[in-house]
1. Given a 1.4 angstrom probe, I'd like the percentage of the accessible area of the range 46-156 that is carbon and sulfur, rounded to a whole number.
2. Of all the Cα-Cα pairs you can form in the range 50-138, what percent are over 16 Å apart?
3. Using the C-alpha gyration tensor of the range 129-220, what are the square roots of 5 times its eigenvalues, in whole angstrom, with the largest one first?
4. Across the range 188-270, how large is the tail of the calculated P(r) beyond 23 Å, expressed as a percent of all Cα pairs?
5. Quick one: length gained pulling residue 112 to residue 212 fully straight, 0.36 nm per residue minus the C-alpha distance?
6. How far apart, in nm, are two points set 7 Å out from the Cα along the Cα-to-Cβ line at residue 93 and at residue 55?
7. Considering only C-alpha atoms, what is the centroid distance from the range 81-122 to the range 45-80, in Å?
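The values are calculated or read from the model by the stated rules, or taken from the named source; none is laboratory data. Predicted, not measured: the structure shown is a model, and the values here were computed from it. Glycine also receives a Cβ, built like all others from the backbone with ideal geometry; neighbour counts cover every protein chain displayed. Please note that ligands, DNA and RNA were not included when accessible areas were found on the heavy atoms of the full protein model with its side chains. Shrake-Rupley method; radii C 1.70, N 1.55, O 1.52, S 1.80 Å.
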Amino acid sequence: MSELEQTASRPLSDRLQGGLFRALKGCRDVCLAIPRTALDIALPTLCVSCHAPVAGEGVCAACWAKLSFIAPPFCARLGIPFVYDPGPGFLSMEAIAKPPAYQRARAAVRYDDVARTLVHALKYQDRTDLAPTMGRWMARAGHELLSEADALIPVPLHWRRSWSRRYNQSGALANIISRETRLPVIGNALQRVRPTLQQIGLSKSERALNVQGAFKVPLEKKSSVQGRRIVLVDDVLTSGATVDACARALLRARAAQVDVLVFARVVDTFKPPI
Ligand SMILES: [Zn+2]
């Protein structure tokens, strides 16, 4: 039977579906052939915060101006911004009263409205296109820490959460910082050994308890951690309980030093007198 006869003998619905498939396939081939720049012109990137068209940087100029980039003066240990410059090496009350297991922490921006939108879009809306911009800002903010480091380690998700969310946003940021600095990322160096609650809504002491002992360095990764200066990478620092628990696990595995670099940190700007 010729191809024409075979086609003619097939039911009409099959023939219509076949035609539709070929039409869609042809359309897809044409779309793939369109240069990326042409698609960008047709579909401009929208600002993640206010949805105004932008030239590919994630946030528009107006929202960028609303971001609070953290710059000196700040606590030499925790990176908490000071309202005036008390002099080099000065520590915040928090750093003196309750020093963390990690050595130093730095953040690109304060965790305010626009920063929250960026973090949520990266974390929950698959906006992986934001990672390069956010990672570059982090590399700049963490320049001092990164210049003294041997390797990067992202804060891991528990496997159940990473399964449902498909990728780890801290890992995406660590990969960008690695590209900027040429520092290696040690993958799977930290494991969550038990599920933890979302830290949102928990008090400071509940947060610490929630993540206490939740991380460990697996046996096969101990040699890649031992004696090395590590920069832990995460998206947000709130109470610091998660990165503190991670730092403890890395120090137990004999890391030489652990610093922390995050995209955004919560900063208490005003504490009313009790
Ligand atoms: Zn905007």
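1. Values: 3170 of 5450 Å².
Roughly 58 percent of what the probe reaches on the range 46-156 is carbon or sulfur.
2. Numbers: 2387 of 3916 pairs.
Here the tail beyond 16 Å accounts for 61 percent of pairs.
3. Each semi-axis is √(5λ); the values are 25, 15, 15 Å.
4. 22
5. Between residue 112 and residue 212, full extension yields 33.3 nm more.
6. The two pseudo-label positions are separated by 4.6 nm.
7. Using only Cα atoms, the two centres lie 16 Å from each other.
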